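Contents: one structure, followed by commentary.
The values are calculated or read from the model by the stated rules, or taken from the named source; none is laboratory data. The shown structure was predicted, so the numbers you read here are calculated from the model rather than taken from an experiment. All Cβ positions, glycine included, derive from the backbone under ideal geometry; neighbour counts span all protein chains shown.
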Amino acid sequence: MAIRFTLNGAARELDTDPEKPLLWALREDMGLPGTKFGCGAGLCGACTVHLEGAAIRSCLTPVGAVEGQSVTTIEGVAALDAGRRVGAAWRELDVPQCGYCQAGQIMSAVALLTETPDPDDAAIDAAMAGNLCRCSTYVRIRAGIKAAAKARGAAA
């Protein structure tokens with residue numbers, strides 16, 4: 001079945017089983033390995049992508065559910081203002097340790113900053129609660145989000 005959607009700003013068509021998890025469609029069929037498999041149950045956040053700007057777990061989302069919608073992955077997030085700011089903050093503050101979870105962390109942080117440009121600690125905690133980091137870089141992740149939020153004010 002042909003599934004049509006926008007992927008990282010480009011119109012795409014994919015002929016696959018509509019029940020296939022979006023995660024595997026992105027990685028295997030679309031050649032975008034940045035979205036990671038973590039738990040397969042939507043609990044760790046490694047597979048986070050944006051669907052119409054909202055952070056979702058691609059391991060739980062059937063690719064057929066994105067028909068006619070816009071999907072953004074870690075490979076395309078730098079096209080967004082918040083994505084550029086988060087990326088710059090992550091590099092400046094050396095946020096990642098092993099890096100495996102960071103695509104999902106970044107995608108959730110960008111969704112947060114797009115919706116809440118200047119989040120407080122409670123908003124950061126709520127938005128990032130579903131993203132696990134085995135290296136426990138949570139303090140650096142929060143600092144990165146705050147730096148990216150502050151960079152918005154500097155650019156405005």
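Which one of 22, 51 is within 22 Å of residue 131 (Cβ to Cβ), touching a strand residue (DSSP E or B) at 6+ places or on another chain (Cβ under 8 Å) and buried (at least 20 other Cβ atoms within 10 Å of the Cβ)? Lay out the reasoning, then the answer.
On the way: 51 fails: buried (at least 20 other Cβ atoms within 10 Å of the Cβ).
Testing whether each residue is within 22 Å of residue 131 (Cβ to Cβ), touching a strand residue (DSSP E or B) at 6+ places or on another chain (Cβ under 8 Å) and buried (at least 20 other Cβ atoms within 10 Å of the Cβ) leaves just 22.
Please go through (1) touching a Gly at 6+ places or on another chain (Cβ under 9 Å); (2) assigned to a helix (DSSP H, G or I); (3) in the same structural domain as residue 139 (by TED's automatic domain parsing); (4) among the hydrophobic types (A, V, I, L, M, F, W, C) for residue 82 and return the number of the only condition it doesn't satisfy.
That leaves (1) as the condition not met.
Only one of 66, 95 is more than 14 Å from the chain's Cα centre (by Cα) and farther than 27 Å from residue 136 by Cα. Can you tell me which?
Values: 95 fails: farther than 27 Å from residue 136 by Cα.
66 is the lone residue from the list that is more than 14 Å from the chain's Cα centre (by Cα) and farther than 27 Å from residue 136 by Cα.
Counting residues that are touching a Ser or Thr at 6+ places or on another chain (Cβ under 8 Å) and among the charged types (D, E, K, R), which helices (runs of 4 or more DSSP H) fully inside the range 97-155 reach at least 3?
Numbers: elements: 102-115, 121-128, 138-155.
Result: empty, no element qualifies.
So residue 61 ticks every box in (1) free of Cβ contacts under 8 Å to residues at least 60 places away in the same chain; (2) under 9 Å from the mean Cα position of the chain (by Cα) but one. Which box is left unticked?
(2)
Can you tell me which residue in the range 91-126 is surrounded by the most Cβ atoms within 10 Å (Cβ to Cβ), limited to those that are β-branched (Val, Ile, Thr) and more than 13 Å from residue 48 (Cα to Cα)? Before the answer, list the steps.
Residues of the range 91-126 that are β-branched (Val, Ile, Thr), as a first pass: 95, 106, 110, 114, 116, 124.
If we keep only those that are more than 13 Å from residue 48 (Cα to Cα) as well, we get 95, 114, 116, 124.
Values: 95: 25, 114: 16, 116: 14, 124: 21.
Per the stated criteria, the residue is 95.
Quick one: which residue in 143, 129 is closer than 19 Å to residue 43 by Cα and either free of Cβ contacts under 8 Å to residues at least 12 places away in the same chain or surrounded by 14 or more Cβ atoms within 10 Å (Cβ to Cβ) (or both)? Reasoning before the result, please.
Working: 143 fails: closer than 19 Å to residue 43 by Cα.
Answer to the selection: 129.
Please enumerate the residues belonging to the range 1-60 that are among the β-branched types (Val, Ile, Thr), touching a helix residue (DSSP H, G or I) at 6+ places or on another chain (Cβ under 7 Å) and in a strand (DSSP E or B).
Kept after step one, since they are among the β-branched types (Val, Ile, Thr), are these residues of the range 1-60: 3, 6, 16, 35, 48-49, 56.
From what's left, touching a helix residue (DSSP H, G or I) at 6+ places or on another chain (Cβ under 7 Å): 3, 16, 35, 48-49.
Result: 3, 48, 49.
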